[in-house]
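Working notes, structure below.
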Amino acid sequence: KKKVPDLALLKCSINLEKNELLIKHKDNSLIINIEDNPEESVVQKQCVYTNEGYIYNDTINNWFSKYLKIKCKLVRTSFSRKMNSNEKKLSFSNEGQFLLVNNKSIKDVNDKGYFEFNYKRYRPNIVITSDEAYDEDNWESIENDNIKLVYFNRCKRCNMININQETGETESGEPLLTLSKYRRVREKIFFGILLYTEYGNKISVGEEFKINHRL
């Protein structure tokens, strides 16, 4: 997304009853059967890691190329890469299985920067509200009867969070500029936390979690 901000306009949803992945770009849509397994393999170098995957057919790739206005291919991971500290599978994601942000922390950034960005700016998998801003930095895990997610690291942020997720455009240097003033540690800017699954495989909107803090 840093190089192709228009990727922000891709909206995805999964219909498990039909085993379909629906992808939309503005008024255009594409349906992919999630049980289809491509055969052409590819290896990708990402930082110090190697990821392996399989490339979808030209019909699918041409759809993405047409609406993103660049030549590109959709790749399905083979789950070959694992997190270096706990051997959890990562696929093509950068550092963690899940990215969590706290609504209280988002409000604090908005108050400091005098803007009103919502969680979409930070592109999380999970949004939660706790009692205090940045309390998530000290969590060891969150859990309920269905799933337990364990803290892996804080999330390093870049100028990707300056992209408007509705228009695909960069309107200003915010919120990264504001975050850089008080969330910077050794030239890295942190916001949100990365988690991996210890047990369970399902999470739903509206669930409550028990928060376990690090000692």
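Quick look at the numbers
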quantity	calculated
Packing-based order for 148-159, 53-64, using average beta carbon neighbours within 10 Å, highest first	148-159, 53-64
Built amide H within the under 5 Å cut-off of GLU20, gap 5+	ASN15, ILE34
Per-pair calculated FRET efficiency, R0 = 35 Å: ASN57 and GLU169 via Cβ, rounded to 0.05	0.65
Full-stretch length increase - ASP36, ILE14 - with 0.36 nm per residue and alpha-carbon distance subtracted	6.5 nm
Value of Rg to Rh for the chain (Rh from inverse mean 1/r over Cα pairs, i.e. Kirkwood)	0.96
Highest-first arrangement of 9-20, 102-113, 123-134, where packing means the average Cβ count within 10 Å	102-113, 123-134, 9-20
Residue-by-residue Karplus 3J(HN,Hα) for the range 8-16, coefficients 6.51, -1.76, 1.60, Hz, glycine and proline x	4, 7, 6, 10, 10, 8, 10, 9, 5
Amide proton proximity set for CYS72, modelled H, under 5 Å, gap of 5+	SER65
Student exercise, the chain dipole from Lys, Arg, Asp, Glu Cβ charges, in Debye to nearest 20	900 debye
Estimated distance in nm for a label pair at ARG184 and ILE203, the labels positioned 7 Å out from Cα along Cα-to-Cβ	3.0 nm
When each of LYS148/LYS188; LYS112/LYS188; LYS3/LYS120 is checked by Cα-Cα distance, pairs over 21 Å	LYS148/LYS188
Inter-centroid distance (Cα atoms) of the range 163-210 relative to the range 113-127, Å	7 Å
Phi to ³J(HN,Hα) by Karplus 6.51 cos²θ - 1.76 cosθ + 1.60 over the range 174-184, Hz, x for Gly, Pro	9, x, 4, 4, 5, 4, 5, 7, 8, 10, 9
Derived scalar couplings ³J(HN,Hα) [the range 186-191; Karplus, 6.51 cos²θ - 1.76 cosθ + 1.60; whole Hz; x for Gly, Pro]	6, 6, 10, 10, 10, 7
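Rule-based calculations on the coordinates, nothing more; no lab input. Note that the structure is predicted; figures quoted are calculated from it, not measured. A quick note on method: Cβ atoms are made from the backbone with ideal geometry, for glycine too, and the neighbour counts reach across all protein chains shown.
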